[in-house]
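Right, one structure below, let's go through it.
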Amino acid sequence: AQLHTVFVNMPKGIKAAVIAIVLMAAWRIGRRTLRNAGLIALAVFGCAARVAGVPFPLIIALAALAGFAMPGLRRGLALEGDNGEARRPPVRAPWRRAGVMLACALAVWASGFAGLVLHFGWPHAYAQMAWFFTKAALLTFGGAYAVLPYVFDGAVTQYGWLSSTQMIDGLALGETTPGPLIMIVAFVGFLGGWQQALMGADHALLAGVFGAVVATGYTFLPSFLFILGGAPIVEATRGVTA
């Protein structure tokens, strides 16, 4: 509660400065990644589609189809430092390890999610947080600046866990601390649990902490799956030419 009071009373100039920092970061990222006219057109389409209210997963699916259909886009997405140096011979992909990791991750996700639904019920905010942040982790690509608009729409517009002003406070918190910007999800989960007193008026702090744990856990669980299970497979594809 004290942390929230601090950020609510944050001077307006600081919030404006944080927004400027985000815009500058987006500009720098765009200069590095939008390397041809096709990628620029795809970025413009994505922004226009979001303004028009097109669902974010559909935009991702259309962008993926465009990447498969237009080889020029894939060439534009080549990684820096890939100057045609000698490629290593491919190694066998560890599919068994990836399968074990997938099974473990699904077991952890399903057991936790089932526990939330059975104890609180499907319509309850905690169950909805687990489902929403799982989708945010799986359907958003491009880092924190890509996931935040999706989180904003869901947390503020769809579920009403916090206000737009409080979301800007969370953005300022993420920009002014050494932690990654994606940790805003913990801020969203905390305020969602604390403000709605999901465990009763006498346990608002506990409700907020539990909301932060749910939001953070279900956001980062797919990341561990991708890194521990998927990274070795991606590494095995190095040296494989079309």
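The values are calculated or read from the model by the stated rules, or taken from the named source; none is laboratory data. As the structure is a computational prediction, the values presented were derived from the model and not from experiment. Quick reminder, even Gly has a Cβ in these numbers, built from the backbone with ideal geometry, and neighbours come from all protein chains shown. SASA here: full protein model, heavy atoms, side chains in, ligands and nucleic acids out. Shrake-Rupley method; radii C 1.70, N 1.55, O 1.52, S 1.80 Å.
Accessible surface computed residue by residue for the range 98-242, with neighbouring protein chains in place and a 1.4 Å probe, gives 48 Å² per residue. Here the label points at residue 111 and residue 146, each 7 Å from Cα along the C-beta direction, are separated by 3.1 nm in the simple model.
Take the Cβ atoms of residue 45 and residue 100, set R0 to 51 Å, and the FRET efficiency comes out at 0.85. When the label point is put 7 Å from the Cα of residue 203 along its Cα-to-beta-carbon vector, which residues of the range 108-128 have a backbone N closer than 20 Å? Flagged as within label range: 112-128. To put it simply, the accessible area of the range 118-225 at a 1.4 Å probe is 70 percent carbon and sulfur. Once both labels are positioned 7 Å from their Cα atoms along Cα-to-Cβ, the gap between residue 33 and residue 62 label points is 1.8 nm.
Counting only protein chain heavy atoms and rolling a 1.4 Å probe, the accessible areas of 122, 161, 194, 95 rank, largest first, as 95, 122, 194, 161.
Please say if the range 94-184 is rounded, prolate or oblate, where rounded means a/c under 1.5 for a ≥ b ≥ c the square roots of the C-alpha gyration tensor eigenvalues, and otherwise the choice is prolate for a/b larger than b/c and oblate otherwise? Note, shape of the range 94-184 comes out oblate.
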